[in-house]
Amino acid sequence: MRGAPAVLMALIATSLQAQGPAPDFAPVAGGEFRSALRYEDVAAGTKVAPFLLMRSPVTNADYLRFVQAHPAWQRGRAPRALAEPRYLSHWSGPLELGSAMPEQPVTWVSWFAADAYCAAQSARLPTWSEWEYVAAADESRRDARADPAWRERILAWYAEPSSGALPVVGRGPTNVFGIQDLHGLVWEWVDDVSALLVSSDNREQGAADKLRFCGAAALSTDDRENYATLMRIALLSSVEAADATANLGFRCARDLP
C-alpha cells in the first residue's frame, strides 16, 4: 500500500495530460457599454460585470481533445437535433483532423456543441453584450468604435473572401484586455444568440414581437455606422442553434466569483 499514492499521482497526471492544457482566460474589467443593439427597457448603456474570457478561440486541437473525452460529441454520434450533418465535416474522420491544422480555430460546430465544450471547461459561452464589449477594444482603448480607421481595419477583413484556409490563432493584435482574434479570424457563437432577431425591414425595428428571450423587450439597431457589428448581428440572427458553418467558431467565458 506504500506505493498507492505514487500510482494515484501517476493516474492523475495521465488524466491531465489527456485533457491537454487548460484554457487560457484573461480577466475583463466590467463597465458600462453602449451596444449597437438598443433594448426598449435599457435607456442608456448596458452594464457588463467583470468576467473571464478565453484569450483566443477554441482550436481544432482543443476540440479534438474534447470529443476524445466526450464520445457523444464525436462526428456521427452527436444527435442531428443538436448538430447538423455538416458538423465537423472539415475533419477527415471523427477523431482525425486530416488537413485541418491543430492551431486553426475550430469551425463547423453548432451552438449546442460549443455550449457543451464550454460546460466541460467549467465555463460558458459569452453573452452578446460581453463579446461586443471586449470586441470594441483595440490595443490601447476599451472602446475604439468611434475611430474611423479602426472601423475600416475591421471591415477590411469582412470584405475578404472566406474561401481560403483559416489562419492559426494567436497571430492577431492583443487588445487592451489581453484578448486576441475577436476580429479577422472567424465569427463566434454567443450564449444568447437566439435573442438576435433583427428584421431586415427598418420599419419593423422595435416591434414588440422581435425579441422573445428571457422576457426581454424588443431590440433595434442603434449605431448604423458600425457596419461590422450589424454584419455580426445579421449572421448570428440567421443561424439556428444546430447549424454549423465554415467560418463560425467560439470561445468560452467564466463568471468571476
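The values are calculated or read from the model by the stated rules, or taken from the named source; none is laboratory data. Quick caveat: nothing in here was measured; it's all calculated off a predicted structure. Every residue, glycine among them, receives a Cβ derived from its backbone with ideal geometry; neighbour counts consider all protein chains shown. Heads up: the accessible areas ignore ligands, DNA and RNA and are worked out on the full protein's heavy atoms, side chains in. Shrake-Rupley method; radii C 1.70, N 1.55, O 1.52, S 1.80 Å.
What pairs come up if the first residue lies in the range 69-84 and is at positive phi, the second is among the hydroxyl-bearing types (S, T, Y), and their beta carbons are under 9 Å apart, counting only those six or more places apart or on different chains?
G76/Y87
Is there any pair linking a residue in the range 104-129 that is within 15 Å of P57 (Cβ to Cβ) to one that is open to solvent by less than 10 Å² (accessible area, probe 1.4 Å) and among the polar types (S, T, N, Q), with Cβ under 9 Å and at least six apart or on different chains, and which?
These pairs meet every condition: Q104/T59; Q104/N60; P105/T59; P105/N60; V106/T59; V106/N60; T107/N60.
Restricting the first residue to the range 14-34 and requiring it to be loosely packed, with under 11 Cβ neighbours inside 10 Å, which pairs with a second residue that is modelled with pLDDT under 90 and part of a loop (DSSP other than H, G, I, E, B) meet a Cβ separation below 6 Å and a spacing of at least six or different chains?
E32/G45
So for the range 54-64 (the condition being at pLDDT 95 or above, of a type in the set (V, I, T) and not in a loop (DSSP other than H, G, I, E, B)), does at least one residue qualify?
Scanning the range 54-64 turns up at least one residue that is at pLDDT 95 or above, of a type in the set (V, I, T) and not in a loop (DSSP other than H, G, I, E, B).
Any residue that is under 24 Å from I233 (Cβ atoms) and of a type in the set (D, E) - is there at least one of those in the range 61-83?
Among the residues of the range 61-83, not one is under 24 Å from I233 (Cβ atoms) and of a type in the set (D, E), which makes the answer no.
What's the number of the only condition in (1) within 18 Å of the chain's Cα centre (by Cα); (2) free of Cβ contacts under 8 Å to residues at least 60 places away in the same chain; (3) open to solvent by 10 Å² or more (accessible area, probe 1.4 Å) that Y63 fails to meet?
(3)
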